[in-house]
Each structure stands twice: as structure tokens, then as C-alpha cells.
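The values are calculated or read from the model by the stated rules, or taken from the named source; none is laboratory data. Quantities reported herein were computed from a predicted structural model and do not represent experimental measurements. Here the Cβ positions follow ideal geometry from the backbone for every residue, glycine too, while neighbour counts run over all protein chains shown.
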Amino acid sequence: MNFFKIAKKSLGQNFLIDQNIINKIIKIGKIAENKTVLEIGPGYGNLTRKIANMKPKKILAIEKDKKLALFLKNIFKDFKNIKIINNDIFNIIENKNLGQNTIVFGNLPYNISTQILASLVLLEKWPPWYEILIFMFQKEVADRILAKKNIKDFGRLSILCNWRLDIKKHFDVSKNCFSPKPKINSTVLSFIPKKNNVFNIKNPKYLETVTRVLFSSRRKMINKNFIKLFGHDRSVAKDLNLNLNQRPEELSNEMFYRIAMKYEKLFY
């Protein structure tokens with residue numbers, strides 16, 4: 001069966017076929033024989049097979065597409081360390097029984113890549129069950145994740161990801177490395193959880209609220225939106241040494257975390 005011809009746009013399916021890129025991605029994970037690997041969206045198993053060659057203890061391949069899952073179960077039926085799971089990745093992320101220090105790979109579906117990443121950042125238990133995330137995103141999404149203050153792409157996604165994760169860019173991937181070929185290039189990033197985070201926000205929803213409110217008027221000064229969060233109490237901005245005439249994109253990640261910590265205290 002030619003799965004390239006039936007790739008589903010609804011699932012954001014673009015299959016990586018370049019063996020050199022696959023080999024480069026595998027090396028990032030430093031897979032050892034005692035490790036568990038979780039792969040999001042294995043497609044037709046190109047990356048899965050390379051991972052299996054590294055002989056990890058266990059490979060959990062999560063494939064939402066039922067036809068692809070059946071195809072994978074057939075081609076990997078003789079691999080005792082590979083388990084094909086026909087399920088939605090969001091159900092798996094919330095599973096409390098995943099093994100610790102798991103290596104996660106994913107050529108993420110373009111249409112839900114940021115939701116998958118955010119779900120992994122916002123896990124209640126921290127440090128989380130994963131040791132490293134190795135993900136491929138469309139390049140424009142990767143640029144947003146990597147963006148720093150005073151850059152056009154800087155926004156909520158960068159702030160959220162950098163709060164709990166150390167992020168590294170590895171390389172860009174040409175659209176010609178996929179079938180069917182997407183319209184844009186991709187980028188491979190890795191994420192390692194921060195175990196000792198100096199910005200201890202107990203409930204991530206407060207960081208989400210702060211960033212959403214302050215970025216709701218991206219090109220305007222934050223003073224009016226700051227009042228929405230803290231009322232007319234000027235002491236908060238003074239304690240933070242925060243200039244309320246700045247625009248949200250002019251604030252550092254660290255300032256957003258400090259604002260969120262102050263905001264959280266209003267509810268305790």
C-alpha cells in the first residue's frame with residue numbers, strides 16, 4: 001500500500017524520507033539499550049526502524065491513523081521491543097504510568113505541533129516523565145519558539161517553552177526531504193526539562209493568563225493590560241522595576257515569569 005498517496009491533510013501528515021536527516025535526528029537522542037523511546041506519529045516506520053537498530057529497551061510508537069497503525073503492526077510484528085499504539089498523543093501525554101527518563105521523538109503534525117508541545121510543558125508533575133524531546137516543526141513555528149525579546153516572532157510560545165525547558169536548535173530540513181512535499185521547510189529542535197527552576201510558578205495557568213492578557217494588545221504599551229491583572233496597585237510594578245510604558249515584546253522571558261509569580265500570589 002502506498003501511504004504517500006493517502007497522507008491525510010486532516011492529520012497533518014508529511015512523511016520524512018531522507019535517510020541522512022533521519023540518521024542525524026537519531027544521533028541527538030543518544031539512545032542506549034536501557035532506554036525507553038516514545039515516537040509521536042511514526043508514519044510508515046522509517047524513523048522507527050532506525051530507532052530499533054539502536055536496540056533500546058522499549059519503543060512506544062503512537063499513531064492516530066488506524067490504517068497506518070495496522071500497517072506498522074504488520075511490518076514490526078517480529079520486533080519484541082516495539083509496541084504500536086493506535087491512539088491520540090494527547091491521551092498518552094496525560095498517562096500517569098509512563099516510564100521515567102523517556103526519549104521522545106516526533107515529526108509533529110503541522111496542525112497540532114504547538115498544542116503537543118504546550119501539553120508537554122504544562123504537565124502537573126515536574127520534572128516530567130521525559131528526559132528529552134526531539135521534535136521537528138515547520139520552520140516558522142521553530143522560529144517562534146526560539147525568538148527572544150525585541151524580535152517580531154517573540155510571543156507567548158517562546159515564553160512558555162523557555163520557562164521549563166532548555167531549548168536547542170539542531171538544523172533546518174528542506175521540504176524536499178518529505179513525501180508528500182510540504183510548502184515550507186522544517187527545523188529540528190531538542191528540549192531538556194529544567195530540574196531546578198528559579199521561577200517557581202505553582203500553577204502554569206497563571207503564566208498563561210499573564211501572557212495572554214499582556215499580549216492581547218501586542219503593539220501597545222502594557223500599562224492598561226497590567227491594570228487588568230493587578231488593578232491600580234502601583235507597588236507591583238515598582239517591586240518588579242517594571243516600566244509600564246514598554247510593549248510586551250520588549251519584556252524578557254524572566255520578567256514575564258516574575259510577573260506571573262506576583263499574579264499567582266493574588267490567589268493564595
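When the range 85-111 is limited to residues that are surrounded by fewer than 17 Cβ atoms within 10 Å (Cβ to Cβ) and touching a residue at least 60 places away in the same chain (Cβ under 8 Å), the one that is farthest from residue 34 (Cα to Cα) turns out to be 111. Within the range 64-78, residues that are closer than 16 Å to residue 40 by Cα have Cβ atoms under 8 Å from residues that are assigned to a loop (DSSP other than H, G, I, E, B) and of a type in the set (Lys, Arg) in these pairs: 65/8, counting only partners at least 6 apart in sequence or on another chain. You will find that of 214, 165, the residue that is in contact with a strand residue (DSSP E or B) (Cβ under 6 Å, 6 or more places away or on another chain), buried (at least 18 other Cβ atoms within 10 Å of the Cβ) and not aromatic (Phe, Trp, Tyr) is 165 and no other. Within the range 137-162, residues that are under 14 Å from residue 115 (Cβ atoms) sit with their Cβ atoms under 6 Å from residues that are outside any loop (DSSP other than H, G, I, E, B) and among the charged types (D, E, K, R), at 6+ positions apart or across chains, in these pairs: 157/144.
Mind counting the residues in the range 61-93 that are among the aliphatic types (A, V, I, L, M), over 18 Å from residue 50 (Cβ atoms) and under 21 Å from the mean Cα position of the chain (by Cα)? Break it down stepwise before answering.
To start, the set of residues in the range 61-93 that are among the aliphatic types (A, V, I, L, M) comprises 61-62, 68-70, 72, 75, 82, 84-85, 89, 92-93.
With the extra rule that they be over 18 Å from residue 50 (Cβ atoms), the set shrinks to 69-70, 85, 89, 92-93.
Remaining after also requiring under 21 Å from the mean Cα position of the chain (by Cα): 85, 89, 92-93.
Final tally of qualifying residues: 4.
Go over the candidates 21, 84, 59 one by one and state the one that is farther than 20 Å from residue 131 by Cβ, at pLDDT 95 or above and either out of contact with any Gly (no Cβ under 8 Å at 6 or more places or on another chain) or not assigned by TED's automatic domain parsing to the domain that holds residue 169 (or both).
Values: 21 fails: at pLDDT 95 or above; 59 fails: farther than 20 Å from residue 131 by Cβ.
The conditions single out 84.
Cβ-Cβ distances below 9 Å connect the following pairs, each with a first residue in the range 39-52 that is without any contact (Cβ under 8 Å) to a residue 60 or more places away in the chain and at positive phi, a second residue that is part of a helix (DSSP H, G or I) and surrounded by 23 or more Cβ atoms within 10 Å (Cβ to Cβ), and a separation of six or more residues or different chains: 45/68. Here residue 255 clears all of (1) over 29 Å from the mean Cα position of the chain (by Cα); (2) free of Cβ contacts under 8 Å to residues at least 24 places away in the same chain; (3) in a helix (DSSP H, G or I) except the condition numbered (1). Annotation: of all residues in the range 193-221 being among the aliphatic types (A, V, I, L, M) and touching a Phe, Trp or Tyr at 6+ places or on another chain (Cβ under 9 Å), the one that is nearest to residue 136 (Cα to Cα) is 207. Here residue 173 meets the list (1) crowded, with 16+ Cβ neighbours inside 10 Å; (2) over 30 Å from residue 18 (Cβ atoms) almost entirely, failing just condition (2). Of all residues in the range 27-57, those satisfying the criterion of being exposed (fewer than 15 other Cβ atoms within 10 Å of the Cβ) and out of contact with any Asp or Glu (no Cβ under 7 Å at 6 or more places or on another chain) are 27, 30, 32, 33, 34, 53.
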